[in-house]
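Structure record follows, encoded as structure tokens.
The values are calculated or read from the model by the stated rules, or taken from the named source; none is laboratory data. Computed from a prediction, not measured in an experiment: that's the story for all the values here. Just the protein is used for accessible areas: all its heavy atoms, side chains included, with ligands, DNA and RNA removed. Shrake-Rupley method; radii C 1.70, N 1.55, O 1.52, S 1.80 Å.
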Amino acid sequence: QVQLVESGGGLVQAGGSLRLSCSASGSISSINVMGWYRQAPGKQRELVATITNGGTTNYGDSVKGRFTISRDNAKNTVYLQMNSLKPEDTAVYYCRVLVVGDNYWGQGTKVTVSS
């Protein structure tokens, strides 16, 4: 089992920045990929960014060039630096970790970008 605790969401004006954090505990030695997904009201959950334990990253098209995912393996924490935020980035952001044969989701942290 892996437990995830997210933080860093909030309200920000368009053009601003936020940094999300997600700390993992439990069976953390088995974590392969850590990532962020988001779900806006009335929309499907979508990929924001992922990072492997080797540091390979992948981004959703809508956030490329604005968001940066990073990972501190010593702290079992994944970060999402979000710059140049837009109102369409408003969503609940979920942390997800992939382990061998399973995956876990955080409880979500809300990000609201005002115009």
Dividing the mean separation of Cα pairs under 8 Å (6+ apart) by the residue count of the chain yields a relative contact order in percent of 36
hull vol. (C-alpha, convex hull) per residue for the stretch 8-115, Å³ -> 96
A 1.4 Å probe over the protein heavy atoms gives the chain a carbon and sulfur accessible-area percentage of 47
